[in-house]
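A.B. asks: Right, I'll just put the structure down here and ask away after.
The values are calculated or read from the model by the stated rules, or taken from the named source; none is laboratory data. It should be emphasised that the depicted structure is a prediction, and the values quoted were computed from it without experimental measurement. Virtual Cβ from ideal backbone geometry, glycine too; neighbours counted across all protein chains shown.
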Amino acid sequence: MQIFGVASSKGGVGKTTLTVNLCASLASLGYKVLAIDANLTTPHFASHLGYKLAPYTLHHVLKDQIELKYAIYPSFNFYFIPGSLSVEDIVGTEPERLKESLNSIKDFDLVFIDCAPGLGKEALAGLESSENVLIVTTPEHPSLLDALKTYKIASLLGKNVVGIVLNRVRKLSKVEREKIYKLLDFKVVAEIPEDKNFEKALKYNLPLVFYKPQSKAAVAIKNLAFKLVGRKLISKTWVERLIEWLTK
Ligand SMILES: Nc1ncnc2c1ncn2[C@@H]1O[C@H](COP(=O)(O)OP(=O)(O)OP(=O)(O)O)[C@@H](O)[C@H]1O
Ligand SMILES: [Mg+2]
């Protein structure tokens, strides 16, 4: 079992969106995948999948009220542990319990922790519970600086930082791209373009890799998913796809 944390100290850069899509992509490859919403104050993972209320959540686990296995739900081709949407449930949760509670998970190939933003207790608990860390940033300067900070902290915690995912990339000039890559010390593992389809996919509660599997953003995420497990995505050209469709 491998545990990946998806982190950023800056909020709203696309951690949850990326986690949902990586899980769906890797599950499509046959891996048994579990996602954990470790954003305890503002959990959104379940709502990306169209779930509103879950009787048992990570909050109950971190309050030692239930065993972790009772908070696992199936969705699409993978599994997830949601957070509670109730404010009352935040009181008394101990984020430090997360790492220990993961010891009871045995039958998954890959676990993804959708970390909380910031560098507080809950964000650190997500990082500490991960073996491998993916850092997400958008191309704006404040976000890039925060990504570097998260990188440093994850490294100090002894984590294997897989790299930085540059998300919501609009057209960049060569000079702009060079500047960003230099600032990030060439640690970028994937670039995901800005794509309006993310918004539409979210409206239909679908991972983008299912809603628009051939979009550039979906292909970029699938490429990253393959990279995480050491495989290579062989992308079909539109001619190959047309022939496949005609001969179906
Ligand atoms: N590449 C992209 N192109 C366009 N929109 C995107 C892209 N990535 C994410 N988004 C949108 O950005 C918004 C925030 O994404 P998301 O909730 O995944 O961020 P987050 O980092 O998990 O936020 P938080 O820090 O609050 O947990 C969502 O509306 C999502 O659809
Ligand atoms: Mg999130």
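A.B. asks: Can you say whether VAL61 is in contact with a Ser or Thr (Cβ under 8 Å, 6 or more places away or on another chain) and either away from ligand 1 (no atom under 16 Å from the Cβ) or closer than 15 Å to LEU206 by Cβ (or both), as far as the supplied structure shows? I'd like the intermediate steps shown before the answer.
C.D. replies: On the way: in contact with a Ser or Thr (Cβ under 8 Å, 6 or more places away or on another chain): yes; either away from ligand 1 (no atom under 16 Å from the Cβ) or closer than 15 Å to LEU206 by Cβ (or both): yes.
When the stated conditions are applied, VAL61 passes them.
A.B. asks: On to the next question. Within the group GLU94, GLU100, which residue is in a helix (DSSP H, G or I) and more than 20 Å from GLY14 (Cβ to Cβ)?
C.D. replies: Values: GLU94 fails: in a helix (DSSP H, G or I).
Among GLU94, GLU100, only GLU100 is in a helix (DSSP H, G or I) and more than 20 Å from GLY14 (Cβ to Cβ).
So that you can scan it fast, the table gives a plain yes or no per residue for (1) in contact with a Leu (Cβ under 9 Å, 6 or more places away or on another chain); (2) closer than 23 Å to ALA116 by Cα; (3) not in a strand (DSSP E or B):
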{"position": "THR150", "(1), (2), (3)": "yes, yes, yes"}
{"position": "ARG168", "(1), (2), (3)": "no, yes, no"}
{"position": "TYR181", "(1), (2), (3)": "yes, no, yes"}
{"position": "ILE221", "(1), (2), (3)": "yes, yes, yes"}
{"position": "ARG231", "(1), (2), (3)": "yes, no, yes"}
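A.B. asks: Output yes when any residue across the range 228-242 is aromatic (Phe, Trp, Tyr) and in contact with a Ser or Thr (Cβ under 9 Å, 6 or more places away or on another chain), and no when none is.
C.D. replies: To start, the set of residues in the range 228-242 that are aromatic (Phe, Trp, Tyr) comprises 238.
Filter once more, so that each one left must be in contact with a Ser or Thr (Cβ under 9 Å, 6 or more places away or on another chain): none.
Among the residues of the range 228-242, not one is aromatic (Phe, Trp, Tyr) and in contact with a Ser or Thr (Cβ under 9 Å, 6 or more places away or on another chain), which makes the answer no.
A.B. asks: Can you give me the number of residues within the range 109-140 that are over 15 Å from the mean Cα position of the chain (by Cα) and either part of a loop (DSSP other than H, G, I, E, B) or aromatic (Phe, Trp, Tyr) (or both)? Step through it out loud before you land on a result.
C.D. replies: In the first step, residues of the range 109-140 are kept if they are over 15 Å from the mean Cα position of the chain (by Cα); the result is 109, 118-122, 124-125, 128, 139-140.
Retained after the next criterion (residues that are either part of a loop (DSSP other than H, G, I, E, B) or aromatic (Phe, Trp, Tyr) (or both)): 109, 118-120, 139-140.
Qualifying residue count for the region: 6.
A.B. asks: Going by what's in this entry, would GLY5 be described as within 12 Å of the chain's Cα centre (by Cα), in contact (Cβ under 8 Å) with a residue 24 or more places away in the chain, buried (at least 16 other Cβ atoms within 10 Å of the Cβ) and over 19 Å from SER129 (Cα atoms)? It would help to see each step written out before you state the result.
C.D. replies: On the way: within 12 Å of the chain's Cα centre (by Cα): yes; in contact (Cβ under 8 Å) with a residue 24 or more places away in the chain: yes; buried (at least 16 other Cβ atoms within 10 Å of the Cβ): yes; over 19 Å from SER129 (Cα atoms): no.
Criteria not met by GLY5.
A.B. asks: Mind checking whether some residue in the range 206-223 is within 30 Å of GLY120 (Cβ to Cβ) and of a type outside the set (A, V, I, L, M)?
C.D. replies: yes
A.B. asks: Continuing with this model, one more query. Hey, does the range 184-193 have a residue that's assigned to a helix (DSSP H, G or I), surrounded by 15 or more Cβ atoms within 10 Å (Cβ to Cβ) and free of Cβ contacts under 8 Å to residues at least 60 places away in the same chain? Spell out the reasoning first.
C.D. replies: Filtering the range 184-193 down to residues assigned to a helix (DSSP H, G or I) leaves none.
Looking for residues that are assigned to a helix (DSSP H, G or I), surrounded by 15 or more Cβ atoms within 10 Å (Cβ to Cβ) and free of Cβ contacts under 8 Å to residues at least 60 places away in the same chain, one finds none in the range 184-193, hence no.
A.B. asks: Does LEU110 satisfy the condition of being closer than 30 Å to LEU144 by Cα, at pLDDT 95 or above and within 16 Å of ligand 1 (Cβ to nearest atom)? Before the answer, list the steps.
C.D. replies: Details: closer than 30 Å to LEU144 by Cα: yes; at pLDDT 95 or above: yes; within 16 Å of ligand 1 (Cβ to nearest atom): no.
Against the criterion (closer than 30 Å to LEU144 by Cα, at pLDDT 95 or above and within 16 Å of ligand 1 (Cβ to nearest atom)), LEU110 does not qualify.
A.B. asks: Looking at the range 188-204, can you tell me whether even one residue there is within 16 Å of ligand 2 (Cβ to nearest atom) and closer than 29 Å to LYS152 by Cα? Can you show your working first?
C.D. replies: Pass one, the range 188-204, residues within 16 Å of ligand 2 (Cβ to nearest atom): 192, 198-199, 201-202.
Now narrow it down to the ones that are closer than 29 Å to LYS152 by Cα: 192.
Within the range 188-204, one or more residues are within 16 Å of ligand 2 (Cβ to nearest atom) and closer than 29 Å to LYS152 by Cα.
A.B. asks: How many residues are over 13 Å from PRO207 (Cα atoms) and more than 9 Å from ligand 2 (Cβ to nearest atom) when one looks only at the range 14-37?
C.D. replies: Of the residues in that region, 8 qualify.
Each row is one residue, and each column tells you yes or no for (1) acidic (Asp, Glu); (2) surrounded by 17 or more Cβ atoms within 10 Å (Cβ to Cβ).
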position: PRO95; (1), (2): no, yes
position: ASP107; (1), (2): yes, no
position: PHE112; (1), (2): no, yes
position: SER129; (1), (2): no, yes
position: HIS141; (1), (2): no, no
position: ILE153; (1), (2): no, yes
position: VAL165; (1), (2): no, yes
